[in-house]
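Every read-out reported here was derived from the displayed coordinates using simple, explicitly stated rules and does not represent laboratory data. All values reported here derive from a predicted model rather than from experimental measurement. As a convention, Cβ positions derive from the backbone with ideal geometry for all residues, glycine included, and neighbour counts pool all protein chains shown.
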Amino acid sequence: MEHSAPPAEVVVSIRRSVFINDPPYLVARIVLSVGPGTSKEVYMPNQEKVQLVEKIKADLEAADAIWVVDYRGLTVKDAEALRTQIRAQGAVLKVYKNSFTERALADLGYPALGEVLEGPSAFVFATGDPVASAKAIKSYAKSNPNLEIKGGLLDKAVLTAAQVKTLADMPSREELIAQVLGMLSGPLSAVVSALDAPTTIVRSLEAIEAKAA
């Protein structure tokens with residue numbers, strides 16, 4: 001009776017994680033060795049990191065605006081005070097690694113934030129009136145200079161820190177509606193609809209910058 005040879009021993013070693021792609025996903029490089037002198041490298045996504053990117057993508061898609069801040073220097077108490085202040089304006093503060101945020105933006109086809117993501121970053125995901133959340137951040141930064149506004153994303157347009165601060169100085173949606181109601185006699189539904197469009201705000205910011213140049 002012929003006896004089949006025993007199966008070759010399979011040795012699996014996982015070396016340190018490496019980055020692939022740009023922006024990167026963190027993956028594990030696995031080297032499979034089957035018998036002497038035989039090996040194969042396999043790159044497998046780190047599921048925990050992949051799930052994190054999916055979470056960031058969900059936050060990005062749910063937000064009407066994303067503001068990026070540098071939180072270095074803030075104490076735990078400071079950060080909680082900031083969270084409370086922006087929560088009242090329909091925004092939440094989350095800390096993600098820049099590399100994973102870049103990956104999420106790329107997956108969604110959003111523009112890269114480039115220099116906005118230089119250095120440590122925290123992300124304010126805002127829903128509703130973008131002016132209200134921008135005002136809350138600027139107001140907090142005025143009282144606590146340890147918070148630095150770095151820029152943001154509105155209607156898939158990248159905003160500089162200066163543009164976010166200019167946005168914060170604009171009237172809020174409620175203030176604009178009150179002003180329009182007292183000035184215009186046209187159809188109010190069209191006015192309210194226009195005020196709801198983030199694109200209108202972005203164009204206004206561009207016009208302000210052009211005038212100042």
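A compact table of results
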{"quantity": "Summed residue charge, Cβ within 10 Å of E148's Cβ, Lys/Arg positive, Asp/Glu negative", "calculated": "+1"}
{"quantity": "Cα→Cβ-extended label distance, 7 Å offset, between T127 and E148, nm", "calculated": "3.2"}
{"quantity": "Calculated FRET value between L108 and D155, using beta carbons and R₀ = 22 Å, to 0.05", "calculated": "0.95"}
{"quantity": "Of K94/K150; K55/K142; K55/K135, those spanning more than 24 Å from alpha-carbon to alpha-carbon", "calculated": "K55/K142; K55/K135"}
{"quantity": "For K150, distant residues with modelled amide H under 5 Å away", "calculated": "V68, V69, D70"}
{"quantity": "Simple spin-label estimate for T75 and E48 in nanometres, 7 Å along Cα-Cβ", "calculated": "3.1"}
